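These notes concern the structure reproduced below.
Each reported figure results from applying straightforward, stated rules to the coordinates on display, with no laboratory input. Everything quoted here is computed from the prediction, not taken from an experiment. Neighbour counts run over all protein chains shown; Cβ positions are idealised from the backbone, glycine included.
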Amino acid sequence: MKIAIYLFVAGMGIGLVLCMVVAAKSFWSERADYVRTLPAAISRHPERTGIDDLAEISFSSANGRRVVGWYAPSRNRAAIILVHGTGADRSSLLFETGFLSQAGFGVLAVDLPGQGASEGRTRWGVPERHAIIAAVDWLRERSEVDPERIGGFGFSMGAYVLTQAAVLDQRLRAVALVSSPNDVVEHNWLAAAKWGLLTQVPCYLALRAYGQSLDLPPKMVIGSISPRAVLIVGGALDPLVPAFVAEQLFSAAGWPKELWLVPRAHHADFAQIAGPEYRNRLAGFFDRTLL
């Protein structure tokens, strides 16, 4: 009888430890989204990208923090701000920087606050919106850019904060949102659903502990971008931001709007799965809306 009790207690103890390990891993996994990703080697050497006239630039955000990025000058009077996602810097959008520049657009790819070479702390909310709005200010001072022809491209959480910035700043005349969550709490609740509350609660606690901005969820505010144009792109096989999320965003957006669910694509492999069409769709969208 005593042996059975000992085995039961030992099993309960092991189970409790395993639960704590799973919960801790969920917390630290979410925490990684708020930790600085150091600049990639290529970020400091735009001359090695093969993109004509690409140079590193910097400007100040509303809080005085330095925002660093790449800029390729416009040849068609329009310009596009590129906004990366979590665990990345501007170089993660090298493919988009290249083909949009080749199409004649000015391209400003920024490191968001607390990421890459930019100052500040990551919040995926207010600081990031301020950085995007400051990028609009910077572009409007460029002599080769028509201030009425500025757009934005955002990937994943970069698309999330770009949506918010476009709601707040009507100078962004068109936005392309790729693999964008529609509500950060719902998104992380879904992403951490494997072990139910055991992983979901620690994930939510990490959001709160690291200052995630919970206001202006895109599904609630994206309609305010209208009558400016929105392109929503999602991967049909995306496990992180499922296709139904892109469909919900599209339903909530006002006209004019476009939706492209890329067959066989996941969260970040559009260039590999649909490279030529991906280039043509994005460049065509900005041609129609900015030129």
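A few comments on the model shown:
- With viscosity 1.306 mPa s and temperature 10 °C, the Kirkwood radius over alpha carbon pairs of region 21-93 converts through Stokes-Einstein to a diffusion coefficient of 108 µm²/s.
- Pair-distance profile P(r), taking every C-alpha pair of region 56-163, with 10 angstrom steps and integer %: 17, 53, 28, 2
- Ordering Thr49, Thr163, Thr86 by the number of other Cβ atoms within 10 Å of each residue's own Cβ, fewest first, gives Thr49, Thr86, Thr163.
- Label point 7 Å beyond Cα of Arg142 along Cβ direction - residues of region 65-92 with amide nitrogen under 17 Å: 67-84, 90-91
- Rounded to the nearest angstrom and listed largest first, the equivalent-ellipsoid semi-axes of region 192-263 from its Cα gyration tensor are 27, 18, 8.
- The distance from the alpha carbon centre of region 227-291 to that of region 200-220 is 24 Å, rounded to a whole number.
- Against the rule of thumb 2.2 N^0.38 Å, how large the Cα Rg of the chain comes out: 1.09
- Computed from the C-beta positions of Ala40 and Val221, the FRET efficiency with R₀ = 25 Å rounds to 0.20.
- Region 57-75 and region 87-151: distance between their alpha carbon centers, rounded to Å: 7
- Overall Cα dimensions of region 153-281, principal axis frame, Å, largest first: 43, 34, 22
- Cβ-Cβ distance of Asp52 and Val201, R₀ of 51 Å, FRET efficiency by 1/(1 + (r/R0)^6): the value works out to about 0.55.
- The modelled label-to-label distance for the pair Asp269/Ser251, using points 7 Å beyond Cα in the direction of Cβ, is 2.8 nm.
- Scanning residues 5 or more positions from Ala40 or on other chains, those with amide H under 5 Å from its amide H are Ser91, with H placed 1.01 Å from N in the peptide plane.
- Selected from Ser224, Ser101, Ser91 as most flexible by GNM, with the chain as the system and alpha-carbon contacts under 10 Å: Ser224
- For Glu258, net neighbour charge (Lys/Arg +1, Asp/Glu -1) across residues whose Cβ lies under 14 Å away: +1
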